[in-house]
Amino acid sequence: MSRGFYLGCWCVALFCLHTACENASSQAPQHLTSAASGYAPASDKWTRAGLLPILGAPYPEQVPTPSMQARRTEAQHLALRHPGKVWINGHLQRKAVALTFDDGPESVVTPQVLDILARYQLKATFFFVGFMLRKHAAVVKRTYHEGHLILNHSYDHPSFDALSNAQIQSQLRRTEDLLFKLIGKRPALFRPPAGVIDNRIQAEIDAAGYQTILWSYDPFDWAGLPVDTLVQRVVSQARNGEIILLHSRLHTDSTAVALPRIIEGLQARGFELLRLDELIPVQAYR
Ligand SMILES: [Zn+2]
């Protein structure tokens, strides 16, 4: 799969910027209107295979680009080829979703997200970047001790299609070792930066002992969209088994601001909000 599969993640000085995430809006395109009931169209081939169509569109364009859609389709094929190793969503029969937060830790937005989750007595899932772990060790330990999952999101967030196999292994191992020193756990789940993945990358992830976690819905929370739009996107979009991509890092201010309304909106629609290891049958740690 080519670079920037979902353009979901972020970029700081040392990083290449991910160019996009994904989602819906107050001017919901047709596919999101049909999904507002919580179900994808029954005729969809992915749904028949137990996979949700991956949705979300850039803001303010509102529709995925053709290249983005092609990358999503390729991701679905990869999930079909590697059942139990590449995850896009959870069980379609359970009215539950998982909120996942990428690109932390840092000391502003991540603690805000943790405060909100504590207020609502919810456990969620964080994909942390290795090079930030030591600098924000207290945030890492807090996240773990408050019952959230801390999973591997690479060491410094490169696009994996530009790395050698040895470099991929290094990205996974360095972050894993640092996390083990802080929380005494080695994650078993990995989310590739920006969702960039192909057969070769997946083989390396598998060889390192990880399962791959992608997502089924990307609201583009990092893209500076208005809080009302972010809330509307996530709440109206949610389908059974949805894995929702959000971010807990600097410059995604709208995410923490929107989060209480996202939680309340999803719960008002009857959704449970679960950790990834509750939504899908995986072990978070080894
Ligand atoms: Zn990321």
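The values are calculated or read from the model by the stated rules, or taken from the named source; none is laboratory data. Small disclaimer: the values here were computed from a predicted structure and weren't measured. Virtual Cβ from ideal backbone geometry, glycine too; neighbours counted across all protein chains shown. Side chains included, ligands, DNA and RNA excluded: accessible areas come from the protein's heavy atoms. Shrake-Rupley method; radii C 1.70, N 1.55, O 1.52, S 1.80 Å.
Taking helices (runs of 4 or more DSSP H) that do not extend beyond the stretch 187-286, which have at least 1 residues that are hydroxyl-bearing (Ser, Thr, Tyr)?
227-237, 253-268
Out of the residues in the stretch 67-116 meeting the condition of being without any contact (Cβ under 8 Å) to a residue 60 or more places away in the chain and open to solvent by less than 10 Å² (accessible area, probe 1.4 Å), tell me which one is nearest to residue 137 (Cα to Cα).
Residue satisfying both the conditions and the ranking: 114.
Just to be sure I understand, how many residues within the stretch 130-166 are in contact (Cβ under 8 Å) with a residue 60 or more places away in the chain and among the acidic types (Asp, Glu)?
2
Can you pull out the residues in the stretch 182-208 that are open to solvent by 40 Å² or more (accessible area, probe 1.4 Å) and either under 19 Å from the mean Cα position of the chain (by Cα) or not polar (S, T, N, Q) (or both)? Show your work before the answer.
To start, the set of residues in the stretch 182-208 that are open to solvent by 40 Å² or more (accessible area, probe 1.4 Å) comprises 184-186, 199-200, 203, 206-207.
If the condition is that a residue be open to solvent by 40 Å² or more (accessible area, probe 1.4 Å) and either under 19 Å from the mean Cα position of the chain (by Cα) or not polar (S, T, N, Q) (or both), then 184, 185, 186, 200, 203, 206, 207 are the ones that fit.
Please work out which one of (1) open to solvent by less than 10 Å² (accessible area, probe 1.4 Å); (2) touching a Phe, Trp or Tyr at 6+ places or on another chain (Cβ under 7 Å) is the condition residue 249 fails and give its number.
Of (1) open to solvent by less than 10 Å² (accessible area, probe 1.4 Å); (2) touching a Phe, Trp or Tyr at 6+ places or on another chain (Cβ under 7 Å), only one is false for residue 249: (1).
Restricted to the stretch 117-130, and to residues that are touching a helix residue (DSSP H, G or I) at 6+ places or on another chain (Cβ under 8 Å) and among the aromatic types (Phe, Trp, Tyr), which residue is surrounded by the fewest Cβ atoms within 10 Å (Cβ to Cβ)?
Among residues in the stretch 117-130 that are touching a helix residue (DSSP H, G or I) at 6+ places or on another chain (Cβ under 8 Å) and among the aromatic types (Phe, Trp, Tyr), the one surrounded by the fewest Cβ atoms within 10 Å (Cβ to Cβ) is 120.
Hey, does the stretch 230-240 have a residue that's within 16 Å of the ligand (Cβ to nearest atom) and surrounded by fewer than 24 Cβ atoms within 10 Å (Cβ to Cβ)?
From the stretch 230-240, those within 16 Å of the ligand (Cβ to nearest atom) are none; that's our starting set.
Within the stretch 230-240, not a single residue is within 16 Å of the ligand (Cβ to nearest atom) and surrounded by fewer than 24 Cβ atoms within 10 Å (Cβ to Cβ).
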